[in-house]
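Engineer: Can you keep this structure in mind? I'll have questions shortly.
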Amino acid sequence: MSRGRLAALAVVVVAACAPSPRIEAVPAAAPPAWQVRARGGQVAIETGTRDLALNDAAACRGCHAGIADEWQHSRHGLAWTNGIFQREYGPAPKPWCVNCHAPTTAQQEGLATGDDRLAAQGVACATCHVRGGRLVAKGRAAGSPHDTVVDASFGSPAFCADCHDFTFPILDDAGRAVAMTDHPMQATVTSFNAGPYAREPAGCLTCHGSRHDHAFPGGHAPDMLAGAFVVSWCRGADALQVELTNAAAGHRIPTGDIHRHLLLRVWRSSAPAGVWEAFFGRRFEEADDGGKRTVWDSGLDPGASKRFPVDLAALADGDPEADPAEPLNLELTYVYIADEFPRRDRIPSEPGTASVVRWREPLAAIPPCAPAR
Ligand code: HEC
Ligand code: HEC
Ligand code: HEC
Ligand code: HEC
Ligand code: HEC
């Protein structure tokens, strides 16, 4: 036995002979004031009051009209009524979905009696700001009439994670989430925390508005999309080089809902069958635990680029007579939702895709690629 081991043994023996110290119960750190449930939306958000003055956004509008207007047209304000959600939810309503798209107990009690007035407000003022019957915010203004609970972590990435970062659920026959799996469903905050923006003091609010902006623009805001993706193309010897970069998102692109994906396409109008296409998004497979797991993910982390050679002969679909002067088309499409169960009676009330970049140029007008270094 080495000296070190002997000495260690001696300490253990001494400790064993000493009177046993009193074990203090260490109080568990209190959860933040806004946190009333675990991630994944297994239960509704309890605001701790049924008073409409606190649960109804219309009551806040009287004094916070500017904020209420921004919020009303945001995806938060539209979380219950928007056509894309209703198209998915309507044909197969599951109580689990309601816990994030009309999350408060007051909204859900209304729905149970056929009154959707509060639910139609989606992710509303009370969803984020009311807990235990009081307002919760990051600070309290001197002139505030509210009995506000001040919580420094209000609006932090952990706060957003309540709805923006969760794993696949296990649903019972009634569509209630009885357990959560280990497989990520939405991982926006995890991706943000692993990336270069994690140290930004304003967290998600660095890019998604600010404390004075309740529009929370994201994938449905054309200028957010236009700034997020940088596409470039150049002319090589017998291939076009096409590149996509995640230039401005603080997390992987696409992020959020599982249906989200990007399609980058290049084609000649006279040979549509020769279209070249790249898919950026995730593919899933049934998992043993009853959820789903990601088996393929071609998204791009913050700052990452992916470059592809596009064979010019293949674009002409094998036609030797193809006109070399015919312009080439390039399009980057952002897909919110792909209709997996198309039915004639399900007319979407808003577009399922957005065109982010659309170019049409003759080959000669596309810049030559810089020689490889
Ligand atoms: C009678 C007017 C009035 C009503 C109604 C009202 N507020 Fe306020 N609120 C204020 C004023 C004044 C302030 C402090 C200065 C400011 O931010 O404009 C404030 C501040 C806040 C703050 C920042 C924290 C604080 O205490 O300073 C939040 C969050 C807030 N209100 C949310 C709400 C929500 C949510 C509702 C509806 C449930 C609501 N308010 C209804 C007047 C009102
Ligand atoms: C998705 C969550 C969310 C929703 C919904 C929401 N807020 Fe906020 N609110 C925030 C965040 C985050 C902040 C900024 C916290 C900070 O100071 O960093 C904030 C800040 C505020 C402030 C303080 C602004 C200031 O200038 O200091 C007021 C007032 C407010 N919200 C009112 C409302 C009202 C009224 C509604 C409904 C019309 C609403 N909020 C809906 C998350 C939300
Ligand atoms: C109570 C749940 C909840 C919380 C908390 C929450 N969100 Fe959301 N958020 C949603 C839902 C649900 C949607 C999608 C609504 C829809 O389009 O159907 C959404 C949509 C968004 C969008 C728009 C995405 C798009 O497609 O354009 C952004 C951006 C966003 N949230 C950012 C945030 C940030 C930042 C925070 C934290 C400050 C936050 N959210 C907190 C539930 C929440
Ligand atoms: C550096 C800027 C930046 C930061 C920081 C950032 N985002 Fe984003 N976010 C973007 C851009 C740009 C887009 C639009 C591109 C897209 O939709 O993929 C976006 C899109 C989104 C969307 C919409 C995704 C979709 O499928 O349409 C959500 C939701 C979102 N962000 C939430 C968050 C949350 C939550 C955080 C904090 C954990 C955060 N973002 C931090 C820039 C940022
Ligand atoms: C744990 C919270 C949570 C639950 C539960 C949840 N969602 Fe969502 N959902 C979100 C968030 C956050 C977004 C916004 C992400 C984004 O923009 O990509 C979203 C976005 C969506 C979108 C895209 C909406 C748009 O504006 O493009 C659809 C559709 C959707 N959810 C359907 C559902 C359905 C159907 C269920 C139930 C089976 C469900 N959601 C359950 C949080 C949730």
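Here, each number is a calculation from the coordinates, and none is a lab measurement. Small disclaimer: the values here were computed from a predicted structure and weren't measured. All Cβ positions, even for glycine, are placed from backbone atoms using ideal geometry, and neighbour counts span all protein chains on display.
Engineer: FRET efficiency for Ala314 and Glu285, Cβ-Cβ distance as r, R0 = 25 Å, nearest 0.05?
Structural biologist: With R0 = 25 Å, the Cβ-Cβ based efficiency is 0.25.
Engineer: Same structure again: How high is the relative contact order of the chain, given as a whole-number percent (alpha carbon pairs under 8 Å, six or more residues apart)?
Structural biologist: 14
Engineer: Continuing with this model, one more query. Taking θ as phi - 60°, what are the ³J(HN,Hα) couplings along segment 277-286 by the Karplus curve (6.51, -1.76, 1.60), each to the nearest whole Hz, with x for Gly and Pro?
Structural biologist: The phi angles translate into 9, 10, 10, 10, x, 10, 10, 10, 9, 4 Hz.
Engineer: Over the chain, with a Gaussian network built from C-alpha contacts below 10 Å, which listed residue (Ala316, Ala228, Ala249) shows the highest mean-square fluctuation?
Structural biologist: Ala316
Engineer: How high is the relative contact order of segment 52-206? Use alpha-carbon pairs under 8 Å, at least six apart in sequence, and give a whole percent.
Structural biologist: 18
Engineer: Give me the net charge for the shell around Phe279: Cβ to Cβ below 14 angstrom, other residues only, Lys and Arg +1, Asp and Glu -1.
Structural biologist: Neighbourhood net charge equals +2.
Engineer: Could you work out which residue, out of Leu328, Leu135, Leu78, moves most in a Gaussian network model of the chain, that is, has the largest mean-square fluctuation with Cα springs under 10 Å?
Structural biologist: Looking only at Leu328, Leu135, Leu78, the biggest GNM fluctuation is shown by Leu328.
Engineer: log10 I(q)/I(0), Debye, Cα-only the chain, no solvent, q = 0.08, 0.11, 0.13 Å⁻¹?
Structural biologist: Treating every Cα as an identical point scatterer, log10 I(q)/I(0) equals -0.55, -0.88, -1.11.
Engineer: Go through Ala221, His208, Val149 and say which Cα lies farthest out towards the positive end of the charge dipole of the chain; charges sit on Cβ, +1 for Lys and Arg, -1 for Asp and Glu.
Structural biologist: Positive-most Cα among the choices belongs to Val149.
Engineer: Among the trypsin sites (Lys or Arg not before Pro) within segment 106-138, which fall in a DSSP loop and have no more than 13 other Cβ atoms within 10 Å of their own Cβ?
Structural biologist: Arg117
Engineer: Using only the alpha-carbon atoms, what does segment 222-365 span along each of its principal axes? Please give whole angstrom values in decreasing order.
Structural biologist: Its Cα atoms span 53, 40, 33 Å along the three principal axes.
Engineer: Taking the Cα centre of segment 71-173 as origin, sum charge times position over the Cβ atoms of Lys and Arg (+1) and Asp and Glu (-1), and report the length of that vector in debye to the nearest 20.
Structural biologist: Computed about the Cα centre, the dipole is about 380 debye.
Engineer: For segment 255-336, what proportion of DSSP beta bridges, expressed in % and rounded to the nearest 5, is antiparallel?
Structural biologist: The answer is about 100 percent antiparallel.
Engineer: Something else: Going Cα to Cα from Lys94, which lysines come in below 19 Å? Please leave out same-chain ones fewer than 8 positions away.
Structural biologist: Of all the lysines, those that pass the test against Lys94 - Cα under 19 Å, at least 8 places apart if same chain - are Lys292.
Engineer: What residues qualify as long-range amide H neighbours of Leu300, i.e. H under 5 Å apart, gap of 5 or more or another chain, H built at 1.01 Å from N?
Structural biologist: Residues meeting the criterion, in which the H sits 1.01 Å from N, are Ile253.
Engineer: To continue, here is another question. Can you give the charge dipole size of the chain about its Cα centre, rounded to the nearest 20 debye, using +1 on the beta carbon of Lys and Arg and -1 on the beta carbon of Asp and Glu?
Structural biologist: 1280
Engineer: While we're looking at this one, here's another question. Label Ala179 and Val275 with points 7 Å out from Cα along Cα→Cβ: what is the distance between them in nm?
Structural biologist: 4.2
Engineer: Right, next: With both partners inside the chain, how many of the DSSP beta bridges are antiparallel, as a percent to the nearest 5?
Structural biologist: Of all bridge pairs located within the chain, approximately 90 percent are antiparallel.
Engineer: Evaluate the relative contact order of segment 222-365 (contact order divided by residue number), counting alpha-carbon pairs under 8 angstrom at least 6 apart; express in whole percent.
Structural biologist: 27
Engineer: As an exercise, take the mean of 1/r over every pair of distinct alpha carbons in segment 52-206, invert it, and state the Kirkwood radius in angstroms.
Structural biologist: Evaluated over segment 52-206, this radius sits at 17.1 Å.
Engineer: Each label point is 7 Å from the Cα along the Cα-to-Cβ direction; what then is the distance between the points at Ala58 and Ser305, in nm?
Structural biologist: 5.3
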